[in-house]
Amino acid sequence: MKARVHVTLKSGVLDPQGKAIGHALHSLGFAGVRDVRQGKVIELDLEESDPNKARAAIEAMCGKLLANPVIENYTIELA
Amino acid sequence: MKARVHVTLKSGVLDPQGKAIGHALHSLGFAGVRDVRQGKVIELDLEESDPNKARAAIEAMCGKLLANPVIENYTIELA
Amino acid sequence: MSPEITPNLVAEHGLTNEEYQRILKALGRAPNPTELGIFSVMWSEHCSYKSSKRWLRLLPTEAPWVIQGPGENAGVIDIGDGLAAVFKIESHNHPSFIEPYQGAATGVGGILRDVFTMGARPIANLNALRFGAPDHPKTRHLVGGVVAGIGGYGNCMGIPTVGGEVNFHPAYNGNILVNAMTVGVARADKIFYARAAGVGNPVVYVGAKTGRDGIHGATMASAEFNSDSEEKRPTVQVGDPFTEKLLLEACLELMATDAIVAIQDMGAAGLTSSSVEMAGKGGMGIELELDRVPMRETGMTPYELMLSESQERMLMVLKPEAREKARAIFEKWELDFAEIGRLTDTGRLVLRMGGATVADIPLAPLVNEAPLYDRPRAAPPAPRPFGATGLQPLTDPKSALLKLLGSPDLCSRRWIWEQYDHMVGADTMQRPGGDAAVVRVHGTQKALAMTTDCTPRYCFADPKIGGAQAVAEAWRNLVAVGAKPLAVTNNLNFGNPERPEIMGQLAGCIEGMAEACRALDFPVISGNVSLYNETEGKAILPTPVIGGVGLLEPGARMATVAFKEAGHLLLLVGDSRGHLGQSLFLRELHGREDGPPPPLDLQAERRNGEFVRAQIAAGRVAACHDVSDGGLLVALAEMAMAGGIGAELEGLN
Amino acid sequence: MKAAVIVFPGSNCDRDVAVALEQASGRKPVMVWHREGDFEQVDLVVLPGGFAYGDYLRVGAMAAHSPVMREVKRRAERGVPTLGICNGFQVLTEAGLLPGALMRNASLQFVCKDVHCRIETGQSLYTSAFASGETVRWPVGHHDGNYFADRNTLDRLEGEGRIAFRYAEPDGSLTEGANPNGSARNIAGIFNETKSVLGLMPHPERLADSALGGTDGTRFFKGLVEALR
């Protein structure tokens, strides 16, 4: 079973990368870019085929490793 | 209009981060993880409200800056 | 109390009821929440040193080469030819425990700003780290995050990270220590201070925008951790080294002109400490229009704006006619530049937002009348006498040496410092791994030697000897590379001062440090105090970290640890009395931590040190190493491994 | 020999390479701020090491779009010798002047240490001071030095003699242990088709002074100045 985990910075947490990308887009002539935030997307290919078990396993992976609970949120999409 | 750009490594391109995450998950006791790939998700908040114009602008942004065609693919999702 | 201020809110701000009464007296009325927040950060342990100030006065701070001692953003010493070395060490212990990468990274960012706000270009960084036991579940995660954070910030800034130390001990399981030190160089006649002057002069905010990062950072630094600190997760400060690099270059470019009257970085307690200290030190008043503060988030309140610890920001007082010249420089470097207020002669801090006055506080009580405590202290228990009888004689020195060299406190640190760019700047004359790092002062033949040292187990066994030994070892490490030791910065990391035995440790260590500084002509010129390093009543070992800086004059020879050539003679300077109390030998091979620390003879230390430095200067020394943790055998092994050359020892019967 | 050093916001080795170039050529290079659209005629353009734009998004991605890069590309395509060191090499790949890309080190950690590099060819204006097959000791200092290109690009680079340096043991043998970042085929530096553009990850400018522990960097810069005289 394939799954996709989105890890993004919590709102209010400074995103230096997003800020720099927005600035670069502006200087490249792209007007009207109000905000840019950069996060990670982690694509997992699991042997587990049962969606509930897969989701539970991924929740544990996020808690332990994939996301930093202090400054990041995560969402899980099962393919 | 809000949009999300997924930038992922082309298949066959080396993914040191994905490999390291897979290794770490294994050593944390998560069995059955066949493959892990890490990419970027860039969330954009554009003043443009017309979906076609927004998509065209983002295509140009990806071509110019957000994705490196040598090693990356990108997909655009409009909210 | 006014309806808004409840006893709970006062306690939550780390203020005692007695301290709250002082606020009422200073204001002549009850404070509003913003005013309460401002008093709480200014009177926090971190900013006011209320529990340690009485003892810090013991430390010698003067010498012919000291230009600026403690009290400014960093200390300044004269290194000849019109140049000055500017340096300081500061702690970011609590944030690094909660988020190791960002905690350590913003620690580096903060200390860099303290140095370049004085007008100095940073030339080197060092860091002193303490972690829990290697097998503690959190240690691996904390070490990885802290090292990556220090490298991530310093490497991006292009400042070489050239030295420091790291120890592991269970006492730090719940409270790691991350002390970051920066050394910079400036022209001795172009030092910038925080003292504000000139009624009506514009107060200007430069650097990154303000968000809700790390609010309560200052008070948190003094808040004792309880195990539910995981929930008490303030929005941790996040660093942006790229913006700080721009801020560094912009500030140095402006400092080359005469536009700046006063300047201070926004460190712990952000806009509050910078505005209050600048105006307070100059005996002025200051008015700020908070609407003009560049904000990263919407709907920020005066409280949040004054207490936010967003990074990479500076506050300046400019000459009125220099406004546009300064703005142009900051726009070149693509940084925010906002005039947010002016100096007055009212001696008050007045804040306005949305047309209303949101705070009006007299500066004198805020700056000069912070509470000062002479907290009760208990003399530390006499160290358990060292029972040599229980020790079996050493039958196999080879395996003993291997075990020692493999132990966490003695094994190679290459896996750490190879993650730090220690060569950028192309002036690193001695890389990490020696007794002290040596970095050339660019464009000259001078070089600065730098080291951080502390042996916490000695300080726990006998604070006075431990404090003196930390100073002596830093002095000895500088001499060992051939440098003339000049001055010290210090980071005092201790537990909860409200407990008499901790206060006894703090007082004892400072007394020992003062004695050694005087005996070695090695004054303290800056520093930081971090207290409440404790979880559920279990405190860290007393850790008074000493950051020493010395000078290599043009043409002076530099010594290194590695053996150079077969046939060279080995000379041991100083007498060995076989002292095993508190030794790593005792701990690593016998699992014991008893006995007093080794006694210290400061006159002999100075005599021996000056003898060694004279031999190095005369060109008679091929290699030199101080004998410290692990003792003589470990010191010799380190010299042999560094040079790939063996040694034969006779007369060790 | 007149050189220009391009300075991006976030570059931090610009001074180091300027010092090495001045010591080798006797002339101060001109420092060019990234916003300038044009700069004087020079014999060599250098993109220095550092963290241009904080290396956000991708290393060198944003720097490659700086105003000055249009002029750097124009001159490089006209054959003006262009040297990219570390971050500069990354910018050259993002700007399309060199093939492939520099990815995060295989260890995922920043690496700063001396490495040995084997000179793959002495036939270039950058390496004429060296013999083919000779090894030199240069330091590296990077987080993203893991060179990647698809198979046929690697084969073309190999076939056309466009690999300038490979990470090697002191005796010149190619081992995985000698490779600090996982680069394909131990590649440490490559040329463009005409060998007028060179990108390399190691920093010769950091060992161009005996006081710093080595002078293999001096040989690199002196050889380059000689070749461009």
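The values are calculated or read from the model by the stated rules, or taken from the named source; none is laboratory data. Everything numeric in this text was worked out from a predicted model, so none of it was measured. Cβ coordinates were reconstructed from backbone atoms using ideal geometry, including for glycine residues, and neighbour counts include every protein chain displayed. Quick note on the areas: whole protein, heavy atoms, side chains included, nothing else; ligands and nucleic acids left out. Shrake-Rupley method; radii C 1.70, N 1.55, O 1.52, S 1.80 Å.
General observations
- Residues located in region C:33-64, provided they are open to solvent by 50 Å² or more (accessible area, probe 1.4 Å) and closer than 27 Å to C:Arg121 by Cα: C:Glu62, C:Pro64
- Test: C:Phe337 is assigned to a strand (DSSP E or B), of a type outside the set (A, V, I, L, M) and crowded, with 19+ Cβ neighbours inside 10 Å: yes
- Subset of region C:385-413 that is of a type in the set (Ser, Thr, Tyr) and either under 19 Å from C:Gly164 (Cα atoms) or in contact with an Asp or Glu (Cβ under 8 Å, 6 or more places away or on another chain) (or both) - its residue that is surrounded by the most Cβ atoms within 10 Å (Cβ to Cβ): C:Ser407
- Any hit, region C:360-376, residues being in a loop (DSSP other than H, G, I, E, B), closer than 25 Å to C:Val549 by Cβ and in contact (Cβ under 8 Å) with a residue 12 or more places away in the chain: no
- Flag for D:Gly10 being modelled with pLDDT under 95 and closer than 16 Å to D:Lys73 by Cβ: no
- For region C:117-154, the candidate set comprises residues that are within 14 Å of chain D (Cβ to nearest Cβ) and more than 25 Å from A:Ala67 (Cβ to Cβ); within that set, the residue that is surrounded by the most Cβ atoms within 10 Å (Cβ to Cβ) is C:Gly154.
- When region D:96-107 is filtered for residues that are open to solvent by less than 10 Å² (accessible area, probe 1.4 Å) and modelled with pLDDT of 95 or more, only D:Leu98 remains.
- Every residue from region C:276-288 that is over 13 Å from C:Ala364 (Cα atoms) and open to solvent by less than 30 Å² (accessible area, probe 1.4 Å): C:Leu288
- Of all residues in region C:275-325, those that are within 19 Å of C:Val199 (Cα to Cα) and of a type in the set (A, V, I, L, M, F, W, C) total 11.
- Positions within region C:529-544 being in a strand (DSSP E or B) and touching a Phe, Trp or Tyr at 6+ places or on another chain (Cβ under 9 Å), in sequence order: C:Val529, C:Ser530, C:Glu534, C:Thr535, C:Ala539, C:Thr543, C:Pro544
- Look at (1) under 16 Å from the mean Cα position of the chain (by Cα); (2) hydrophobic (A, V, I, L, M, F, W, C); (3) open to solvent by less than 20 Å² (accessible area, probe 1.4 Å) and you find that D:Leu154 fails only one, number (1).
- Among the residues making up region B:52-73, those that are open to solvent by 60 Å² or more (accessible area, probe 1.4 Å) and either among the charged types (D, E, K, R) or touching a strand residue (DSSP E or B) at 6+ places or on another chain (Cβ under 9 Å) (or both) are B:Lys53, B:Arg55, B:Glu59, B:Lys64, B:Val70, B:Asn73.
- Taken over region D:1-17, the criterion of being open to solvent by 10 Å² or more (accessible area, probe 1.4 Å), within 14 Å of the chain's Cα centre (by Cα) and closer than 19 Å to D:Lys222 by Cβ is satisfied by no residue.
- In this entry, B:Leu25 is excluded by the filter for residues that are open to solvent by less than 30 Å² (accessible area, probe 1.4 Å), touching a Gly at 6+ places or on another chain (Cβ under 7 Å) and not acidic (Asp, Glu).
- Check on D:Ala211, in contact with a strand residue (DSSP E or B) (Cβ under 8 Å, 6 or more places away or on another chain), surrounded by fewer than 19 Cβ atoms within 10 Å (Cβ to Cβ), small (Gly, Ala, Ser) and more than 23 Å from D:Met1 (Cβ to Cβ): yes
- Count of region D:183-208 residues which are within 14 Å of chain C (Cβ to nearest Cβ), open to solvent by less than 10 Å² (accessible area, probe 1.4 Å) and hydrophobic (A, V, I, L, M, F, W, C): 2
- The strands (runs of 3 or more DSSP E) located wholly in chain A that include 2 or more residues which are in contact (Cβ under 8 Å) with a residue 12 or more places away in the chain and at the interface with chain B (Cβ under 10 Å from one of its Cβ atoms) occupy A:2-9, A:33-46.
- Lone unmet requirement of (1) more than 26 Å from C:Asp421 (Cβ to Cβ); (2) open to solvent by 10 Å² or more (accessible area, probe 1.4 Å); (3) touching a strand residue (DSSP E or B) at 6+ places or on another chain (Cβ under 9 Å) for D:Val225: (2)
- Of the set (1) touching a Leu at 6+ places or on another chain (Cβ under 9 Å); (2) over 24 Å from D:Ser25 (Cα atoms), all apply to D:Leu125 but (2).
- Restricting region D:78-111 to residues that are under 11 Å from the mean Cα position of the chain (by Cα) and assigned to a strand (DSSP E or B), the residue that is nearest to the other protein chains (Cβ to nearest Cβ): D:Ile85
- Filtered by the rule that a residue be within 13 Å of C:Val206 (Cβ to Cβ), more than 12 Å from chain A (Cβ to nearest Cβ) and outside any loop (DSSP other than H, G, I, E, B), region C:294-321 gives C:Met314, C:Leu315, C:Met316, C:Val317, C:Leu318.
- Sole residue being within 12 Å of chain D (Cβ to nearest Cβ) and either in contact with a helix residue (DSSP H, G or I) (Cβ under 8 Å, 6 or more places away or on another chain) or more than 25 Å from C:Met639 (Cα to Cα) (or both), chosen from C:Asp453, C:Asp462, C:Asp427, C:Asp435: C:Asp427
- Apart from one condition, A:Leu44 fits all of (1) open to solvent by 30 Å² or more (accessible area, probe 1.4 Å); (2) at pLDDT 95 or above; the exception is (1).
- Which listed residue, of D:Asp16, D:Asp38, is of a type in the set (D, E, K, R), within 14 Å of chain C (Cβ to nearest Cβ), in contact with a helix residue (DSSP H, G or I) (Cβ under 8 Å, 6 or more places away or on another chain) and not in a strand (DSSP E or B): D:Asp16
- Checklist (1) buried (at least 20 other Cβ atoms within 10 Å of the Cβ); (2) part of a helix (DSSP H, G or I) applied to C:Asp291, failing item: (1)
- In this structure, C:Cys517 does satisfy being more than 17 Å from the chain's Cα centre (by Cα), in contact (Cβ under 8 Å) with a residue 24 or more places away in the chain and open to solvent by less than 10 Å² (accessible area, probe 1.4 Å).
- The one condition in (1) open to solvent by 20 Å² or more (accessible area, probe 1.4 Å); (2) touching a residue at least 24 places away in the same chain (Cβ under 8 Å); (3) out of contact with any Ser or Thr (no Cβ under 8 Å at 6 or more places or on another chain) that C:Glu331 fails to fulfil: (2)
- Residue that is nearest to D:Leu102 (Cα to Cα), among those in region D:157-181 that are touching a His at 6+ places or on another chain (Cβ under 9 Å) and buried (at least 22 other Cβ atoms within 10 Å of the Cβ): D:Asn181
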